[in-house]
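Below is one structure; the comments refer to it alone.
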Amino acid sequence: MAPYEAFDENVEVHGRTILSVVDDALARFAESYRGAARDALAEHGIDDPSPDEWYPQQAWLDTFEVIASELEPHILDRVGEQIPDVAEWPDDPGSVPEGLRAIDDAYRRNHRGGDIGSYRFEAVGDREAEVTCRNPYPCPFDRGLIRAVARNHAPVESFVFVEERGDRCRRDGDDACVFTVSW
């Protein structure tokens, strides 16, 4: 499975998620990014997304792919960093492990229908964890998301480091990537 390819054609993304990414996260960088994303959405059948409707994940992933190819190369990492601020999120977790576990809950709140994928947290040390991202979103997006969640909940003196590790990667056709997080 490659990034930008939904696991299941029945999976949908909530409109408020789409609007949060396009109107809040991307607009933080440049208004032209917002316009490019809106154009890409329309090109893929989502002309005027409503916050109360659900839309095909594949159309959203196709829009992500356009954003990645037409805007700055690091934009998906930076968009991932914005997600905890703009998406519907579980109650404020009190620690890095709780925050990283909450990613899956947030993902489930914003996706539905069929095999949506998952985010799996596993502690591997006192201040180290692995997050397995089994979903169709690109690796840089997930890296930014994981880094933002860890930073939001790490002690002030901590340096958060996120690195993609493991034998699996979506770029190589697998359906998951594994990130090591230390703080």
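Read the figures in this text as sums done on the coordinates, not as results from a lab. Note that this is a predicted model, so its numbers are computed, not measured. Neighbour counts are summed over all protein chains in view; Cβ atoms, including those assigned to glycine, are modelled from backbone coordinates with ideal geometry.
Below, the figures for the structure above:
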{"item": "Over the chain: helical MRE at 222 nm, DSSP H runs n ≥ 4 each giving -39500 (n - 2.57), nearest 500", "result": "-12500 deg cm²/dmol"}
{"item": "Between the range 129-151 and the range 34-58, the alpha-carbon center distance in angstrom", "result": "23 Å"}
{"item": "Computed E for PHE7/ARG127 - FRET, C-beta separation, R0 35 angstrom, nearest 0.05", "result": "0.65"}
{"item": "Rel. contact order, % - alpha carbon contacts under 8 angstrom, at least six apart, the chain", "result": "27 percent"}
{"item": "Simple spin-label estimate for ASP85 and ASP24 in nanometres, 7 Å along Cα-Cβ", "result": "1.0 nm"}
{"item": "Rule-of-thumb Rg ratio for the chain [Cα; 2.2 N^0.38 Å; N residues]", "result": "0.98"}
{"item": "Positive-end residue, the chain charge dipole about Cα centroid, Cβ charges, pick of PRO136, CYS177, VAL11", "result": "CYS177"}
{"item": "Degrees between helix 139-153 axis and first principal axis of the chain (Cα, 0 to 90, nearest 10)", "result": "50 degrees"}
{"item": "Förster radius 22 Å - calculated FRET efficiency between ASP115 and ASP48 (Cβ-Cβ, nearest 0.05)", "result": "0.20"}
